[in-house]
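The values are calculated or read from the model by the stated rules, or taken from the named source; none is laboratory data. Values in this document were obtained by computation on a predicted structure and should not be read as measured data. When we count neighbours, we look across all protein chains shown, and the Cβ atoms used for this are built from the backbone with ideal geometry, even at glycine.
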Protein chains: 2
Amino acid sequence: MKVFQDETVPVKPVEMQGAVGCRMRCLIGPEDGAMNFTMRQFEVSPAGHTPQHTHDYEHEVFVLEGTGQIVDGQGQVHPLRPGVVVFVPPNELHQFRNTGPGTLKFLCSIPHRSTG
Amino acid sequence: MKVFQDETVPVKPVEMQGAVGCRMRCLIGPEDGAMNFTMRQFEVSPAGHTPQHTHDYEHEVFVLEGTGQIVDGQGQVHPLRPGVVVFVPPNELHQFRNTGPGTLKFLCSIPHRSTG
């Protein structure tokens, strides 16, 4: 098995169009032997946000730190704080926003059949 | 999408043989529309532990609260604290133990092809 502290994994900027102040760590993925799904950790700076986008695979999200919002496919805004769980089904538009004074940090796992 | 606080999900005792002081919430699963993997949250009371067991599917784990240990398939003990990530590959013996004064709380996601 592999056991390690999250912060020992290098963090990389998210360079996707529409991302502002976003960084990502791949915590567990195919190179670790994970065959089915990948666990990623995102950090969003104050006033930053992820792209408002959609894709054909789901997100399973758990908020670790900070406060923010997720905007759903109907444009509704849902508050985020530690312990909030989000399931984003495939093909639903979504955007994470940091509205707080500190880093917004969350886990976001995706299936390996995902294309990006 | 679904957005909710973790603690709004009812917690259930883990009644598997060998489990002591363990409770579980299914945060995201097939009934939510998740097609590929399930996100669960475990709570282990002080001095409690999960069964020392093995199965043919992996665990992707993130420690949220508390301190403890995971014992690997070679009998080696790895410390757990918030932010520790664990990948348990299929068929490796493992056991989570709470060695601290408070609840040990962690996420543990599994693929849907798992049999139990």
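Please determine whether any residue of the range A:46-66 is closer than 25 Å to B:Cys26 by Cβ, of a type in the set (Ser, Thr, Tyr) and modelled with pLDDT of 95 or more.
Taking every residue of the range A:46-66 in turn, at least one turns out to be closer than 25 Å to B:Cys26 by Cβ, of a type in the set (Ser, Thr, Tyr) and modelled with pLDDT of 95 or more.
To keep it simple, each residue is scored yes or no on (1) of a type in the set (A, V, I, L, M); (2) over 11 Å from the mean Cα position of the chain (by Cα).
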| position | (1), (2) |
| --- | --- |
| A:Val77 | yes, yes |
| A:Val85 | yes, yes |
| A:Pro89 | no, yes |
| A:Phe96 | no, no |
| A:Thr99 | no, yes |
| A:Gly102 | no, yes |
| A:Lys105 | no, no |
| A:Cys108 | no, no |
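Could you figure out which of (1) more than 8 Å from chain B (Cβ to nearest Cβ); (2) buried (at least 18 other Cβ atoms within 10 Å of the Cβ) isn't true of A:Val85?
Result: A:Val85 passes all but (1).
Only residues that are under 20 Å from B:Leu27 (Cβ atoms) and outside any loop (DSSP other than H, G, I, E, B): list them for the range B:81-94, please.
B:Val84, B:Val85, B:Val86, B:Phe87, B:Val88
When you scan the range B:1-80 for strands (runs of 3 or more DSSP E) that lie fully inside it, which ones turn up with 2 or more residues that are among the charged types (D, E, K, R)?
Per the criteria, B:20-28, B:37-49, B:59-65.
Somewhere in the range B:52-59, is a residue surrounded by 17 or more Cβ atoms within 10 Å (Cβ to Cβ), within 13 Å of chain A (Cβ to nearest Cβ) and under 19 Å from A:Val63 (Cβ atoms)?
no
Consider A:Arg40 carefully, then state whether it is surrounded by 15 or more Cβ atoms within 10 Å (Cβ to Cβ), more than 7 Å from chain B (Cβ to nearest Cβ), in contact with a Phe, Trp or Tyr (Cβ under 8 Å, 6 or more places away or on another chain) and not aliphatic (A, V, I, L, M).
When the stated conditions are applied, A:Arg40 does not pass them.
Does at least one position in the range A:7-29 carry a residue that is buried (at least 16 other Cβ atoms within 10 Å of the Cβ), touching a residue at least 60 places away in the same chain (Cβ under 8 Å) and of a type in the set (Gly, Ala, Ser)?
Within the range A:7-29, one or more residues are buried (at least 16 other Cβ atoms within 10 Å of the Cβ), touching a residue at least 60 places away in the same chain (Cβ under 8 Å) and of a type in the set (Gly, Ala, Ser).
One residue is enough: does the range A:50-58 have a residue meeting the conditions touching a Gly at 6+ places or on another chain (Cβ under 9 Å) and of a type in the set (Asp, Glu)?
Yes, there is a match, as at least one residue in the range A:50-58 is touching a Gly at 6+ places or on another chain (Cβ under 9 Å) and of a type in the set (Asp, Glu).
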